[in-house]
Amino acid sequence: MTEDRLPVCVAALYRFSSFDDCAGLRGGLEAVCATQGIKGTLLLAPEGVNGTIAGTAEGIEAVLAHIRALPGCAELSVKLSWAETMPFYRMKVRLKREIVTMGQPDIDPLKDAGCYVAAADWNALIADPDTLVIDTRNAYEVKIGTFAGAVNPGTASFREFPGWFRANREALLAGRTAPKIAMFCTGGIRCEKSTAFLKAEGLEAVYHLDGGILKYLETVPEPESLWRGECFVFDQRVAVSHGLTPGTHALCHACRMPVTPEEQASPLYVAGVSCPACHGRRDADQRAGYAERQRQVTLAAARGAGHLGVVPPAKTSAGD
């Protein structure tokens with residue numbers, strides 16, 4: 001199906017801003033999402049807004065207009081893609097301490113972020129042998145796709161990134177008298193916050209991919225791309241490829257990790273029940289429970305309804 005025939009618009013969005021009254025903003029957001037039939041998750045925190053939502057193109061535009069009218073959000077970062085079916089089952093607006101959790105309270109991406117690099121200019125930057133390229137996403141995301149030559153921190157959560165960098169700083173920067181560091185993530189929010197962190201650590205030549213991997217895959221022609229694999233996304237599509245077309249990965253609803261096409265062919269993969277990564281960590285009773293849940297999901301799908309027992313990956317953000 002071509003993009004203009006896919007009925008569901010998916011918007012990954014974020015903006016670092018200063019919100020004094022997140023609770024006061026919540027009701028308005030919930031109301032406009034309900035009126036427009038939008039589903040997904042939005043996070044509000046004193047540092048801004050972040051989330052992924054889906055619905056009709058008109059409904060999404062109405063919600064984006066509402067968010068852009070919030071303090072400091074006129075330049076909201078938005079990545080749009082399209083899906084054949086609704087990738088979420090409900091709408092949540094949550095109040096958080098951070099819109100993406102790093103656990104570094106003195107970091108201010110609004111004031112101290114590194115240099116934005118447009119997708120069209122990214123290849124030249126990361127192809128420079130003097131540039132250290134760091135993937136700021138989690139290990140399970142990196143596993144299914146990343147930029148050629150990028151360093152994988154192997155982190156399980158973004159909160160681990162500062163500790164990983166501090167522990168490995170000397171080795172990472174060895175032999176670099178004037179290091180240039182380029183960082184990237186799904187939609188731009190984690191790498192933007194990471195550049196603010198590195199600047200607080202005393203590094204100046206710090207860059208991040210404007211719009212994240214999603215903008216890169218949307219705008220850079222595949223023959224020119226330095227991206228390898230697919231990009232994990234935080235909804236039921238699981239992954240997207242060049243042109244933001246749906247990827248080939250499934251989601252294991254037992255461990256909530258992406259499952260490659262090869263793993264899907266394994267006898268240890270049972271849709272909704274287990275995958276090769278978690279089969280040995282689940283007992284028979286757990287797998288029986290997952291099987292019953294999957295049966296209910298199948299019945300709900302036959303009725304044309306969603307089933308809340310199928311959950312998206314643990315984090316929802318600008319693709320992060």
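Of the GluC sites (Glu not before Pro) found in the range 59-89, those that fall in a DSSP loop while having at most 12 other beta-carbon atoms within 10 Å are Glu75, Glu84. On full extension, the segment bounded by Cys255 and Lys143 gains 38.8 nm, given 0.36 nm per residue less the C-alpha separation.
Summary value for the range 121-229: 30 percent relative contact order, contacts being C-alpha pairs under 8 angstrom separated by 6+ residues. Extension gain for Asp283 to Asp108 (0.36 nm times residue separation, less C-alpha to C-alpha distance): 58.5 nm. Can you give the FRET efficiency to the nearest 0.05 for Asn152 and Arg94, using r as the Cβ-Cβ distance and R₀ = 25 Å? The value I calculate is 0.30.
Past the 37 angstrom mark, what percentage of all C-alpha to C-alpha distances in the chain do you count? Tail of P(r) above 37 Å: 16 percent of Cα pairs.
Run the paramagnetic zone check for Ala167: 7 angstrom along Cα to Cβ, then residues of the range 117-161 with backbone nitrogen under 11 Å. Under 11 Å, as judged by backbone N against the label point of Ala167, lie 154-156, 160-161 of the range 117-161.
What's the center-to-center distance, using Cα atoms, between the range 204-220 and the range 174-198 in Å? What the calculation gives is 11 Å, centre to centre.
If you restrict to DSSP beta bridges whose two residues both lie in the chain, what percentage is antiparallel, to the nearest 5?
Numbers: 31 of 48 bridges.
So the antiparallel bridges in the chain amount to around 65 percent.
Return, ordered by residue number, the residues of the range 206-222 whose backbone nitrogen is under 18 Å from a label point located 7 Å along Cα→Cβ of Ala178. Under cut-off, by backbone N: 206-207.
Loop-only trypsin sites (Lys or Arg not before Pro) in the range 96-196, please: DSSP not H, G, I, E or B, and at most 12 other Cβ atoms within 10 Å. Walk me through the numbers on the way to the answer.
Values: sites: Lys96, Arg97, Lys111, Arg137, Lys143, Arg159, Arg166, Arg169, Arg176, Lys180, Arg190, Lys193; in loops: Lys96, Arg97, Arg137, Arg176.
Passing both the DSSP loop test and the Cβ count: Arg97.
Between their Cα atoms, which of Lys111/Lys193; Lys39/Lys193; Lys39/Lys79 are more than 19 Å away from each other? The answer is Lys39/Lys193. Using the rule -39500 (n - 2.57) for each DSSP H run of four or more residues, divided by the residues of the chain, the 222 nm mean residue ellipticity is -9500 deg cm²/dmol.
Would you mind calculating the gained length between Ser225 and Glu75 on full extension (0.36 nm times residue separation, minus the Cα-Cα distance), in nm to one decimal? Fully extending the segment from Ser225 to Glu75 adds 51.3 nm.
Straight-line reach from Lys215: which aspartates and glutamates have Cα under 13 Å away, leaving out those fewer than 8 places along the same chain? Output for Lys215: Asp121.
We did not get these values from a lab; they are worked out from the coordinates using the rules stated. Note that the structure is predicted; figures quoted are calculated from it, not measured. FYI the Cβ positions are ideal-geometry reconstructions off the backbone, even for glycines, and counts take in every protein chain you see.
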